[in-house]
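The block underneath contains the structure these notes are about, expressed in structure tokens.
The values are calculated or read from the model by the stated rules, or taken from the named source; none is laboratory data. Computed from a predicted model, the values in this text were never measured in an experiment. Here Cβ is always computed from backbone atoms with ideal geometry, including for glycine, and neighbour counts include all displayed protein chains. Note: areas computed on protein heavy atoms with side chains; ligands, DNA, RNA excluded. Shrake-Rupley method; radii C 1.70, N 1.55, O 1.52, S 1.80 Å.
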Amino acid sequence: MKFCIFGAGGTGGTLTAYLAMAGNDVTLIARGAHLQAIRENGLILHTNHRGTETIENITACTEAEYNDCPDVLFVCVKYYNIEDAIAFVKAKISKDTLIIPILNVFGTGGIMQEKLPEYTCLDGCIYVMSEIEAPGIIYQSNKILRVIYGYRPGQPVRLEKTAQTLEQVLQKAEIRGHFSENIVRDALQKFAFVSPAAAAGVYFDATCEAFQQTGEPRDMFVGLIKEVVALGKAMGVEFQQDLVEVGLNMMDNLKPDSTMSMQRDIQQGRKSEFDGLVTRVVKLGQEYGVAVPLYEVINEWGNP
């Protein structure tokens, strides 16, 4: 399959590496020193579970330089850059391309679809722990790599053959790909970990170790998960697992010194996904009439 990956950070870089190593045609949209390093040295994937890989069979270019027609466009930018992705689609992408945003923020496929009515924008999510270690180098700290995507309820089913084939292509690339029949549930389940973990992490300015032991941080993390679950139930979502148990199991299996990407962005003075991971939950709570008091506390703290 031919892929375009829009966004060359931890998520986009890791996805690019695995797809290319499996022999797929992949173009990575990148910028600045990161792009220059990839052009000169290839994309370097540094991991703890498979060592270091140098991937040279990819094309790396800027948004303006891109001139191709991919089967699939994975949107891997941060939530605050979603408008850049929408502009890129309008300028460069064919209506025969399946578009799958795999951002941390719940519901970005629907957000993109509203502004791209003639395109096919699915919803999706990814489980991965990775970040840019240095220009041209991606560090994947945990071997988890799972991509879930699907059509939203009531969405016209277009490009279905591409969507079906993609699942097999991902799995051959050692990515746990899943073409979901209930993407709202599955994406919200992922959000029920990443949002509480990011919100509690930035609020307490703590590593995962603080949430792996009894105490106020862990209690806050659990409480935030419960608020997302309540929101999901108000949306008509029936979860098949206990998301508190799932979230705690995921947290307890992370390295104690791990932090969430939103927390790292705030610590380093960069833009963050606070609006999408915290404020958006407060707004959804208001929309669906669900009390989210812990999210309100963190939202008020983060927006003094």
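One table, with the values for the structure above:
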{"read-out": "Ranking by accessible area, most exposed first, for 250, 220, 262 with a 1.4 Å probe", "value": "250, 220, 262"}
{"read-out": "Hull-based mean projected area of the chain, where the convex hull spans the alpha carbons, in square nanometres", "value": "14.7"}
{"read-out": "Gain on full stretching of the segment that runs from residue 115 to residue 146 - 0.36 nm per residue minus C-alpha separation", "value": "8.4 nm"}
{"read-out": "Accessible-area value, residue 1, 1.4 Å probe, nucleic acids and ligands omitted, Å²", "value": "60"}
{"read-out": "Quarter of Cα convex hull surface for the range 2-141, i.e. mean projection, nm²", "value": "7.6"}
{"read-out": "Only Lys, Arg (+1) and Asp, Glu (-1) charged, at Cβ; the chain dipole about Cα centre in debye", "value": "400"}
{"read-out": "Dipole of the range 1-147, positive direction: furthest Cα of 98, 144, 34, with charges on the beta-carbon", "value": "144"}
{"read-out": "Three semi-axes of the equivalent ellipsoid, the range 137-258, Cα gyration tensor, whole Å, largest first", "value": "29, 20, 10"}
{"read-out": "Order by protection proxy (mean Cβ within 10 Å, highest first), peptides 225-231, 237-243, 82-88", "value": "225-231, 82-88, 237-243"}
{"read-out": "Aspartates and glutamates whose Cα lies under 20 Å from that of residue 271, excluding same-chain neighbours fewer than 8 positions away", "value": "83, 84, 131, 133, 205, 300"}
{"read-out": "3J(HN,Hα) from dihedral phi, the range 88-105, Karplus parametrisation 6.51/-1.76/1.60, rounded to Hz, x for glycine, proline", "value": "4, 4, 4, 7, 10, 9, 6, 6, 8, 9, 7, 9, 10, x, 10, 7, 5, 8"}
{"read-out": "Anisotropy class of the range 189-304 from Cα gyration tensor, a/c 1.5 cut", "value": "oblate"}
{"read-out": "DSSP-defined beta bridges in the chain - what % are antiparallel, rounded to 5", "value": "35"}
{"read-out": "Extension reserve of the residue 54-residue 36 stretch, reckoned as 0.36 nm per residue once the Cα distance is removed", "value": "5.0 nm"}
{"read-out": "Mean accessible surface per residue for the chain, computed with a 1.4 Å probe while every protein chain stays in place, in Å²", "value": "44"}
{"read-out": "Protection-proxy order for peptides 95-106, 208-219, each taking the mean of Cβ atoms within 10 Å per residue, highest first", "value": "95-106, 208-219"}
{"read-out": "Lysine pairs with alpha-carbon atoms under 21 Å apart, the range 134-251, spacing 8 or more or separate chains", "value": "5"}
{"read-out": "Carbon plus sulfur fraction of accessible area for the chain, probe 1.4 Å, in percent", "value": "46"}
{"read-out": "Separation of the residue 291 and residue 174 label points, Cα + 7 Å toward Cβ, nm", "value": "4.9"}
{"read-out": "Peptides 13-26, 187-200, 136-149, 163-176 ordered by average Cβ neighbours within 10 Å, highest first", "value": "187-200, 13-26, 136-149, 163-176"}
{"read-out": "Nonlocal amide H pairs with residue 55, under 5 Å, H built at 1.01 Å", "value": "43, 44, 45"}
{"read-out": "Per-residue [θ]222 nm for the chain (sum of -39500 (n - 2.57) over DSSP H runs n ≥ 4, rounded to 500)", "value": "-13500 deg cm²/dmol"}
{"read-out": "Distance between modelled label sites at residue 249 and residue 68, nm, 7 Å Cα→Cβ extension", "value": "3.8"}
{"read-out": "Cα-based shape type of the range 50-113, given that a ≥ b ≥ c are square roots of the gyration tensor eigenvalues and the cut on a/c is 1.5", "value": "oblate"}
